[in-house]
Amino acid sequence: MRYQISGRQIDVGDALQSHVKSELDATFDKYAQRPTDATVIFTRESGAYQAETTVHLSTGLTVSAKGAAHEIYAAFEAARERMDKQVRRYKRRLRDHHRDRRAPVEFAEVPLYVLAANEGTDEAEPDTLQPIIIAETEAKLPALSVGEAVMQMELAGAPLLVFRNEKHGGVNVVYRREDRNVGWIDPAGRS
């Protein structure tokens, strides 16, 4: 597994890096998952350390977790424990997902735009209704079944996930509703 361990304005020493590697290896070996790469970013805000951990699995799914504590090792352990809980909870579904899928998840390159936010709400009507684009990049849109998309959204801890439906290739969205249920938007209306 490839590791990228860094700190934002924090020096991440060799001892912390080896601790992170050994703990993540032990976590994923326990569940017989095959991670391809892991990214761990440490930050410090108002006296507390935060660890943001993202691990990509060979099946194309991503597991993300965050942890915070007053000590840097404890912040990583909090993130690792959350990740362990997520993988344990979805172990059977991950295993079934891998058994049904012969090839890794396919990704399509799509444009991604970041629009400038309106600074004030008391403004008069803008001169033009064209938004100001402050960033243009490309994002990867996975081709998943609806069940896999819901699992990916929950593993990543995201409020929503945009994906291509494996059955018909159309763009779909799954999202967490206010009532804690999952909503599914299929614009083509095909299931």
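The values are calculated or read from the model by the stated rules, or taken from the named source; none is laboratory data. Just so it is clear, the model here is predicted, and its values are computed rather than measured. We place every Cβ from the backbone using ideal geometry, glycine too, and count neighbours over all the protein chains shown.
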*Could you list, in sequence order, all residues of the range 51-76 that are crowded, with 18+ Cβ neighbours inside 10 Å and over 30 Å from S145 (Cβ atoms)?*
A51, G67, I72, A75, F76
_Scope the range 33-50; condition in a loop (DSSP other than H, G, I, E, B), in contact (Cβ under 8 Å) with a residue 12 or more places away in the chain and surrounded by fewer than 18 Cβ atoms within 10 Å (Cβ to Cβ); matching residues_ = R34, G47
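For the range 19-32: of the residues being loosely packed, with under 12 Cβ neighbours inside 10 Å and not charged (D, E, K, R), which is farthest from G60 (Cα to Cα)? Full working, then the answer.
Within the range 19-32, the subset loosely packed, with under 12 Cβ neighbours inside 10 Å is 22, 26, 29, 32.
Filter again for not charged (D, E, K, R), leaving 22, 26, 32.
On the way: S22: 22, A26: 20, A32: 15 Å.
Among them, the one singled out is S22.
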_Where a residue in the range 51-74 is assigned by TED's automatic domain parsing to the domain that holds M153 and its partner, wherever it lies, is small (G, A, S) and in a strand (DSSP E or B), with Cβ under 8 Å and at least six apart_ = none
